[in-house]
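Worksheet: one structure, shown below.
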Amino acid sequence: MQGDLDLESRKGKGPGGYCDFHPQSGKAYIFMNAVGTHDDVQTLLHEGGHAFHALESASRQRLYWNLHGPMEFCEVASMGMEMLAQPYLEKNRGGFYTPEDAHRARRDQLLDAVVKFLPYMAVVDAFQHWLYVDAPPQVTIDDINAKWAQLFTQFLPHVNYDGIEDGLAFRWQRQSHIF
């Protein structure tokens, strides 16, 4: 699989992490910036979920335009991989974590995936529904920013944006699923 994994961080390398599938070669490519933290493990598992999804889809689907599911569903495979791998991170199960570190990783994963992620996804889903279905035809950028801020504070009332409300208002632009 040489060249199919670009994992380590290095000077001049772009930020982030993603998985891409190349239908001609039938291979998945994972890009990320590992620096030796638990987040790196989660990112690799997440992108690995995308890779397995792409490889399995390609093995069953001959038409290129049918290879990719909706972005929302693709996250099921990636987040599913994160959850499925959790029990195997402990040394006695084939992983490399101590029992204490494995417990912390499972706890953090559940916290991130359930407590933090689901309310945020509710914001994104409600925002998309409003934007693509209910927004007035003459919607302005100010209307869009205000709706995002309203939904964000509705679903995530514990997050404090006092003093940086403008940053909250256009935070929706960072969410690629919306576009």
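What follows is calculated from the coordinates using simple rules that are stated; it is not laboratory data. Keep in mind that what you see is a predicted model, and the values were worked out from it rather than measured. Don't worry about glycine lacking a Cβ; one is built from the backbone with ideal geometry, like all the others, and counts go over all protein chains shown.
When DSSP beta bridges are limited to those with both residues in the chain, what percentage is antiparallel, rounded to the nearest 5? Numbers along the way, then the final one.
Numbers: 5 of 9 bridges.
In the chain, approximately 55 percent of DSSP beta bridges are antiparallel ones.
Straight-line reach only, C-alpha to C-alpha below 24 angstrom: list the lysines that Lys13 could link to, leaving out same-chain residues fewer than 8 apart.
Qualifying lysines at Cα under 24 Å: Lys27.
Subtracting the Cα-Cα distance from 0.36 nm times the residue separation, let me have the gained length for Gln154 to Gln128 in nm, one decimal. Display every interim value, and only then the final one.
Numbers: separation 26, 0.36 × 26 = 9.36 nm, distance 1.51 nm.
Extra length available between Gln154 and Gln128 comes to 7.8 nm.
What is the set of long-range amide H partners of Leu5 at a cut-off below 5 Å, with H atoms built 1.01 Å from backbone N?
Ile30
Note down the relative contact order for the chain as a percent, whole number, built from C-alpha pairs under 8 angstrom at least six residues apart. If you can, show how the numbers build up before the last one.
Working: 167 pairs, mean separation 23.2, N = 179.
13 percent.
If each of Lys91 and Tyr18 carries a label point 7 Å out from its Cα toward its Cβ, how far apart are those two points in nm?
About 3.9 nm separates the two model spin labels.
What aspartates and glutamates could a cross-link reach from Lys147, if we take a straight Cα to Cα line under 19 Å and drop same-chain neighbours fewer than 8 places away?
Cα-Cα hits under 19 Å: Asp125, Asp134, Asp162, Glu165, Asp166.
Where the centre of each part is set by its Cα atoms, how far does the range 67-84 sit from the range 136-179, in angstrom?
25
Once Rh for the range 86-174 is found with the Kirkwood sum over Cα pairs, what is the Stokes-Einstein diffusion coefficient at 25 °C and 0.890 mPa s, in µm²/s?
159
With N residues in the range 1-88, what two-decimal value do you get for its Cα radius of gyration over 2.2 N^0.38 Å?
Taking N as the residue count of the range 1-88, the ratio is 1.11.
At 25 °C and 0.890 mPa s, what whole-number value in µm²/s does Stokes-Einstein give for the translational diffusion of the chain, with Rh from the Kirkwood sum over Cα pairs? Intermediate values should be presented prior to the final figure.
On the way: Rh = 18.7 Å.
For these conditions, the coefficient is 131 µm²/s.
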